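The block underneath contains the structure these notes are about, expressed in structure tokens.
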Amino acid sequence: MMILDILARYVHVVSALLMLGAMSAVIFCVWPATRLLDEGLRSSLHQLVQNRLGRIFWIAAAGLIVSGVYNWIKLAAVYRDMGPLGNALIGTKVLLAAILLALYWARQTRLLQKGSDRSWLMIYLHLGAIILLLAAVLRYFRLEHLNSLLK
């Protein structure tokens, strides 16, 4: 069981890094560099990058969902013992992750069409950063809770 726990945590962290890293690379490196290209080439490159980013996003999302569900089930008793704080943190984290996935899906299926691609990527990136912050806070309080039980 320990190997599965480690693997689930590894998949969760790597998937989050891949998702946020790919979005960050596109926002802060690829798109600014394409300003040097003529409009036709820039548009083609943006489309190619978005297609590739979409594949990376969904692979990372699958990793996050599978490992997240496993981790949540594994740690359910700890969150319950933490009381309202644990439930609020994990609930908010999962809700924001669901919103991020729903927004990305709605944008990819053209249900949401307003706004530039860059604006949407910034929204996804900021939501991801907030989820990452919540994960760090949750881990801190979870470890504090477990340490208090050992004393």
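The values are calculated or read from the model by the stated rules, or taken from the named source; none is laboratory data. All values derive from a computational prediction rather than experimental measurement. Positions of Cβ are backbone-derived with ideal geometry, glycine not excepted, and every protein chain shown enters the neighbour counts. For the accessible areas, the whole protein counts, side chains as well, though only heavy atoms, and no ligand, DNA or RNA atoms are used. Shrake-Rupley method; radii C 1.70, N 1.55, O 1.52, S 1.80 Å.
Structure notes:
- Those residues of region 11-26 which are touching a residue at least 12 places away in the same chain (Cβ under 8 Å) and closer than 21 Å to Leu96 by Cα, in sequence order: Val11, His12, Val14, Ser15, Ala16, Leu18, Met19, Leu20, Ala22, Met23, Ser24
- Some residue of region 12-33 being over 27 Å from Ser116 (Cβ atoms), of a type in the set (Ser, Thr, Tyr) and surrounded by 17 or more Cβ atoms within 10 Å (Cβ to Cβ): no
- Qualifying residue in region 52-62 (condition: open to solvent by 60 Å² or more (accessible area, probe 1.4 Å) and closer than 17 Å to Leu96 by Cα): yes
- All told, Thr92 meets the bar of being modelled with pLDDT of 95 or more and surrounded by 12 or more Cβ atoms within 10 Å (Cβ to Cβ).
- Single residue of Leu41, Leu100 found to be modelled with pLDDT of 95 or more and either open to solvent by 40 Å² or more (accessible area, probe 1.4 Å) or within 30 Å of Phe141 (Cα to Cα) (or both): Leu100
- Taking the conditions (1) within 22 Å of Val14 (Cα to Cα); (2) surrounded by 16 or more Cβ atoms within 10 Å (Cβ to Cβ) in turn, Ile130 satisfies each one other than (2).
- Leu143, sole failed condition from (1) within 20 Å of the chain's Cα centre (by Cα); (2) closer than 21 Å to His12 by Cα: (1)
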